[in-house]
Amino acid sequence: MIDKLRELFYEVVEDNTQIINEDTLIHRDLKINSLDLITLICNAEETFDISISDKEVKSFVTVADIIKCIENKINK
């Protein structure tokens, strides 16, 4: 899961030199703005065939938060 999500992050931030792990802070460490986050979430929704609500997106702080959300939706 982390590897696929890392690929999606790299597509959005266009910098594959950044270290991305579960503890990575989305806004501070990756410097992702709101538009980039929406792009990332749309790509994740398409990749994993899921739907993530705006409320869920607003709660994301770390990469682990996104992973948990995706895994919960895949395992339903």
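The values are calculated or read from the model by the stated rules, or taken from the named source; none is laboratory data. All figures in this text were calculated on a predicted structure; none of them were measured in a lab. For neighbour counting, all protein chains shown are included, and Cβ atoms are generated from backbone atoms with ideal geometry for every residue, glycine included. The protein model used for the area step is the full one, side chains on, heavy atoms only, and it has no ligands, DNA or RNA in it. Shrake-Rupley method; radii C 1.70, N 1.55, O 1.52, S 1.80 Å.
Just a few scattered comments:
- Taking Cα atoms only, the orientation of helix 63-74 departs from the longest principal axis of the chain by about 20 degrees.
- Solvent-accessible ranking of CYS42, CYS69, largest area first, probe 1.4 Å: CYS42, CYS69
- When you restrict to C-alpha pairs under 8 Å that are six or more residues apart and normalise by the size of the chain, the relative contact order lands at 37 percent.
- Folded to 0 to 90 degrees: helix 34-48 orientation relative to the chain principal axis, Cα: 50
- Helical content of the chain, expressed as a calculated mean residue ellipticity at 222 nm, amounts to -18000 deg cm²/dmol (DSSP H runs of 4 or more residues, -39,500 (n - 2.57) each, divided by residue number, nearest 500).
- Spin-label model, LYS55/LEU25: points 7 Å from Cα along the beta carbon direction are separated by 2.6 nm.
- Accessible-area rank, largest first, for VAL13, VAL61: VAL61, VAL13, with all protein chains present and a 1.4 angstrom probe.
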